[in-house]
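The values are calculated or read from the model by the stated rules, or taken from the named source; none is laboratory data. Quick caveat: nothing in here was measured; it's all calculated off a predicted structure. Counting neighbours? That spans all protein chains shown, and the Cβs are built from the backbone with ideal geometry, glycine included. Quick note on the areas: whole protein, heavy atoms, side chains included, nothing else; ligands and nucleic acids left out. Shrake-Rupley method; radii C 1.70, N 1.55, O 1.52, S 1.80 Å.
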Amino acid sequence: RKHLEEKFRQSHKMEAIGLLAGGIAHDFNNLLTAIAGYSELTLRKMEPDNPLRHNINEIKDAGDRASALTSQLLAFSRKQVLNPRVHNLNSVISDIERMLRRIIKESIEFRTILDPNLQNIKADPGQIEQVIMNLAINARDAMPLGGTLVIETQNVTLSEIEAADRLNIGPGSYVKMTVTDNGQGMDEDTINRMFEPFFTTKDSGKGTGLGLSTVYGIVKQSGGDIAVSSELDSGTAFEIYLPGVNRPAQAQKWPESTGVSPNGHETILLVEDEEIVRNLIREILVSSGYTVLEAESGRVALSICETHPDKIDLLVTDVIMPKMSGLELSDRVVKVSPGIKILFMSGYTDDSIDDSRLTEMDRSFIEKPFTPDDLARKIRETLRS
Ligand code: ADP
Ligand code: MG
């Protein structure tokens, strides 16, 4: 009973912190889109020898660093926009093995034990890479005098009992990755708090306390769970469970990069409730040659659709808006203007919109914060699709 109570307390705590972190990250994403976007638009209009370029570049760099922080918070709160794809965990590990060896010191022996018959998983490979890196870096830090780091993969079938006792996932077939070190280990207080964002036992400047919170968010958002066993002075093992899927691996879609940001002449209906972001996007679109109709809500957007005399080629809409969400709006807009292309933008996702659903609906998606070039390219891509 005590064990169960503790488990509930922990999961409530993580839920509460996640909500807070996700809320902050969502609002920051809008602000950062404006900071990055206006910096870039200003740089474009400045003479190359303008002494103020330096200042704007500094603002842009600070904005980029803030975006990196925000995306870690979003990852923790499980609101990150993921690009899940069926793939094999072994190949992710093999791909980053060389990089891992470079990060880990020579005094640490690094081994992998990979099950050659490992089932595939459906997750965002880039994010899974992040999980492995963070766990490996922590293991390295726990073994300042050297030791052994082992990454092992295997197929497991969880019974009702095992799944309910240590983990918060249903019974079934999983891919299990165990990352084991024989370093310092953790005391009970650290184990209880290790997933909290900004919790670190490392000296200031050494640890951000965001490594394990990111791991936690990514694994949970991918339908998996984590178990940890650790003993002071003898070492730690992190067990990551990810649902196995019985489908062949999907090839990676490489985003096309053309270098120049393409222009257009089409008519775009822009819907965004945050004024500062809406103004920025309008400036980007108008300077790329598009005709822009603007709305601050789904309701206004719909009435524009109904009354605008000419064809509207593309709807660019925020996803999370009060009253009518971007998804609902898009469903209603296609009824009024059949054939209209749709581009969603958000820096925050509900579990309800994953990439595969968007692909099925033939709609595309851009993640905030984005640069003016990112947006211009994505718009061309969507209009061409
Ligand atoms: P950071 O590494 O920046 O401190 P993390 O979120 O990655 O933040 O980890 C939080 C804390 O969990 C660490 O400061 C450390 O105390 C503990 N920890 C994580 N992994 C290990 C490990 N493999 N061995 C010992 N302690 C660990
Ligand atoms: Mg860390």
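Rolling a 1.4 angstrom probe over the protein heavy atoms with all chains in place gives the chain an accessible area of 51 Å² per residue. Within the shell defined by Cβ-Cβ distances under 14 Å, the residues around residue 119 carry a net charge of +2, with Lys and Arg each +1 and Asp and Glu each -1. Highest mean packing first, where packing is the average number of other Cβ atoms within 10 Å per residue, the peptides 133-140, 16-23 line up as 133-140, 16-23.
Most simply put, the chain has about 55% antiparallel DSSP beta bridges, counting only bridges with both residues inside it. Anisotropy class assigned to the chain is prolate, per the alpha carbon gyration tensor with a/c at or over the 1.5 cut-off and a/b larger than b/c. Summary of the geometry: segment 80-110 and segment 183-231, compared by the centres of their Cα atoms, lie 18 Å apart. Could you work out what % of the accessible surface of the chain is carbon and sulfur, using a 1.4 angstrom probe and leaving DNA, RNA and ligands out of the count? The value for the chain is 51 percent carbon and sulfur by accessible area.
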